[in-house]
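To start, the structure under review is shown below, and the notes come after it.
The values are calculated or read from the model by the stated rules, or taken from the named source; none is laboratory data. Just so it is clear, the model here is predicted, and its values are computed rather than measured. Here the Cβ positions follow ideal geometry from the backbone for every residue, glycine too, while neighbour counts run over all protein chains shown. To get the accessible areas, we keep the full protein, side chains included, count just its heavy atoms, and leave off ligands, DNA and RNA. Shrake-Rupley method; radii C 1.70, N 1.55, O 1.52, S 1.80 Å.
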Amino acid sequence: MPGPVTARQIPNRVMLGVMLASALFLFLQTFILPGVPKIANGDQGIHLSLASRMLDGQKIYRDFDHFPLPGTELIYFTLFKIFGVRAWIAPVMLILIGVSMTWVSIRISAGIMSGPIVFLPGLLFLVLPFSGFLDATHHWYSMLAGMAGLLLALERRTTRGLIGSGLLWGVAACFSQSALVGAMGILAFLFWANVTRAESKRSLLRKVACFLGSLVSALVLFNAYFVWEAGFRRFFGDTVVFLFRYYSADSFNQAWAYMADPPPLRIYSEWPDVATFLLIHLIVPLVYLLFMVRYRRERRLHPDVPWDRLLLIAFTGLFLFLGTIHSAGFMRMYVISFPALILVAWFLNANLKSEVFLLRSLWALALVLAVARPVIAQTRWNKFLSLPTGYTAFSGYPALYEKCKWVSERTRPGDYFLDDPQICFALRLRDPSRVPFLRPTDYTRPEQVENAVRSLKRQHVNFVGWYASLDDEIVDPSGDHLAPLRAYLRGHYHLAHTFSNGDEMWQLNQ
């Protein structure tokens, strides 16, 4: 079995070059040359908007609802405190996450392989799942902390190493509660190793206690302040009760979201995402099952193979998948694919013709996408706006540009606005409701709709945005609780504008 991975195995200049190349690759996808940040589209807009509310003095869970634990909001709140509320913060954090994940990937790969192939999993990760989901949301922060915890457990399965790994997995759960299931992969490996090596139960209990004790300590210490501020009942209701009772009300948060939303083939700029979609869904979770078969067959025939490390990677990846299967949309599949890519590279690191062909094909795909993705990002449709958060590019989002431009011409920073969290953040508008967005399902609770209506009355909100999906995606009328809000809009507002994508903007009657 190889010894612990050390920096001496890979020259510093090589690692520095790879990190700089990774940063440049991500910069060209998150900024438009010479350096204009892209609009924070997607779920990251929710976190940024909520962090802005915290900066304005509101308390998470007490003054607004949010189901993830508050790690992501705390990061952005801290950055806003230091640098101000700026559009470039989320893209810069994406670059830092991607570069850090690449470094972790190389360190893990160097513990089970040797030669240039140790760089392949990190390259595949950057050009496939990470670039396919460039969204600085809680999932990526959680995965970075979790994979750092995996690395520490791989390098040091001592008491100290397991304490450090547990702390990192606890931090991962402070961004996304699903990391707790991934952490169970570490525990499953400890039990497996204890049985196969016939170690004492005392040794097992000590290791489990070190890992779980540090994990729980990180969770408790990190969240204690937020529980105290909001009250245990409100905190528990948002972060636990909501997840178990209402999170799956939307179709994209259900098990059959697996492979349900493939990228369109007819648009050339989506072709890299088509390759990503197909490859990630092909290897996850198949590679873990194939590894288990190979492990049972070959572990005694090839004792020089680092089976323990490989098994720990496989257990962790499999449990990450199990933590996602209830809501297996492509974005979540991309996030949990990190261990699978490492195992795929290890599988193909052989001298058989078929493996050599597949390995070379992966290298070719990765290198082609390493060039294609930045070129597509820099040459696709683009418009710019000067916003309160800075000069911003709307690359590939014409409908969002149209809406943001229209709203920016009719509002000032600090105005109340009920609609899109991306626009609230970009224009520094204040959301009057308890939730960052509404849904025509049980995902949005009746009391949250009532709060929105009361807030419109109390704050005299001038503009209310209405997604076309709020009317088009009603599957179960009994779960649609938006009727009071629709009635209030019809009675007190008028339709001011309809955008090209069907979204509407309603204005308060004078």
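Structure above, values below:
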item	result
Equivalent ellipsoid semi-axes - Cα gyration tensor, the chain, angstrom	42, 27, 20
Gain in span if fully extended, A483 to V274, counting 0.36 nm per residue against the direct Cα distance	71.4 nm
Accessible-area ranking of K405, K81, largest first, probe 1.4 Å	K81, K405
Partner aspartates and glutamates for K403 [C-alpha distance under 19 Å; skip if fewer than 8 residues away on the same chain]	D43, D415, D419, D420, D431, D471, D503, E504
Length gained when the stretch E355-A496 is fully extended (0.36 nm per residue, less Cα-Cα span)	44.7 nm
Volume of the Cα convex hull of the range 209-318, divided per residue and given in Å³	211 Å³
Above-threshold pairs, the threshold being 23 Å between Cα atoms, out of K38/K405; K38/K81; K59/K81; K81/K405	K81/K405
Separation between Cα centres of the range 220-237 and the range 469-510, rounded to whole Å	34 Å
Amide N proximity, the range 367-394 versus L33 label position 7 Å along Cα-to-Cβ, cut-off under 19 Å	368-384, 392-394
Distance between the range 270-306 and the range 130-160 - C-alpha centres, whole angstrom	19 Å
Relative contact order of the chain, pairs being alpha-carbon contacts under 8 Å that are 6 or more residues apart, as %	18 percent
Per residue accessible area in Å² of the range 1-117, where ligands, DNA and RNA are left out and the probe is 1.4 Å	39 Å²
The range 34-105: relative contact order as a whole-number percent, Cα under 8 Å and 6+ apart	41 percent
Gain upon complete extension [R380, A224; 0.36 nm per residue less C-alpha separation]	51.6 nm
Area of F319 that stays accessible when all protein chains are in place (1.4 Å probe, Å², to 10)	50 Å²
Unit charges on C-beta of K, R, D, E only; dipole of the chain, Debye	1680 debye
Percent accessible area from carbon and sulfur atoms, the chain, protein chains only, probe 1.4 Å	63 percent
Rounded accessible area per residue of the range 206-305, 1.4 Å, Å²	62 Å²
Part-to-part distance (alpha-carbon centres) for the range 376-402 and the range 407-466, which is given in Å	23 Å
R0 of 25 Å, Cβ-Cβ distance F236-E450: FRET efficiency to nearest 0.05	0.70
Farthest positive-ward along the range 1-136 dipole, Cα basis, beta-carbon charges - from N41, I108, P68	I108
H302/Q507 FRET efficiency (R0 60 Å; Cβ-Cβ; nearest 0.05)	0.25
